[in-house]
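Scroll down for the structure; my scribbles are underneath it.
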Amino acid sequence: MITETLTPHPYAACYPLVSGTLEESLYESIKANGLRQPIVLWRDEARDKTWLIDGRNRYRALCQIYGGVSEEQVIWRDYESDEAVRLAVLDYNENRRQMSTAQKSVVAGRIIEARAQLFTELNTLSVENDAVNVESKAGTEQTPEEIEHSDEAPFDTEESTKESDDSNHGQPSSIVSVPKKAECPPEIRREVASTLGIGPKTAQRGAAVVSRKVPKLVDALEEGLVSIEAAYTLTQLDDDELEAVVAQ
């Protein structure tokens, strides 16, 4: 039995979980026939984390029925990057869900938002690793004998020493700039929209709704209580106005 709690990859979490009759049917099917389709996992070495790539609904059902999943119920995949995961998730879910255009716009928005967050996260990890390497080098001192015989030993001149002191006060620089949030390229937006079977404009509207981070507005759009155009129009309001409208 796999004891650790499996976390859905941000791309896998872009799709809504089933509920109601569909959820009940899934539970009854697993109870009667066992798990027919294994849960897909990926070991992300860059983040030192295990991601659930496909099977969130099945995983939830197994945890409630049996308290977890066994090794026999999962399959491990190797992905080169988060982008490979994104393509896999879209492929896994392409023909599996009967979603409305509004629901697809929300999924597209979540994927676009997730891509920006994932790239920013990886850039931050890279910067942090660079900072650690700089600090590690700064803490390593060479002996006079090592400096004398080193091919990269600095010239012991007044000018070079002065230049070093003026630039970093005699210490190796450990200042590393924090990367800005990565934006999702237009070609990726178009690709996501095309795979989901919606127009780029619809995907962009969904992204605008998701990026405002107002759960009730997103829920209303997914449930068909508000049109895509109306939801997008509401995103143009300031926070207080939007909160007042959503509250109604």
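Among the residues of the range 96-146, count how many are part of a loop (DSSP other than H, G, I, E, B), hydroxyl-bearing (Ser, Thr, Tyr) and at pLDDT 80 or above. Give the derivation first.
Quick first cut of the range 96-146, residues part of a loop (DSSP other than H, G, I, E, B) only: 96-100, 139-143.
Keeping just the survivors that are hydroxyl-bearing (Ser, Thr, Tyr) gives 100, 140, 143.
Going one step further and asking which of them are at pLDDT 80 or above, we end up with 100.
So the count comes out to 1.
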>> Where the second residue is not in a helix (DSSP H, G or I) and the first is hydroxyl-bearing (Ser, Thr, Tyr) and lies in the range 105-116, which pairs have Cβ atoms under 8 Å and are six or more apart or on separate chains?
In response: SER105/ILE198
> So which residues in the range 32-85 are surrounded by 15 or more Cβ atoms within 10 Å (Cβ to Cβ), in contact (Cβ under 8 Å) with a residue 60 or more places away in the chain and part of a helix (DSSP H, G or I)?
Replying inline: ASP82, VAL85
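Which of the residues spanning the range 213-241 are buried (at least 17 other Cβ atoms within 10 Å of the Cβ) and either outside any helix (DSSP H, G or I) or not hydroxyl-bearing (Ser, Thr, Tyr) (or both)? Give the derivation first.
Looking only at the range 213-241, we keep the residues that are buried (at least 17 other Cβ atoms within 10 Å of the Cβ), and these are 214, 217-218, 220-222, 226, 228, 231-232, 234.
Listed by number, the residues that qualify are VAL214, LEU217, VAL218, ALA220, LEU221, GLU222, VAL226, ILE228, ALA231, LEU234.
The values are calculated or read from the model by the stated rules, or taken from the named source; none is laboratory data. Fair warning: this is a prediction, and the values are worked out from it, not measured in the lab. When we count neighbours, we look across all protein chains shown, and the Cβ atoms used for this are built from the backbone with ideal geometry, even at glycine.
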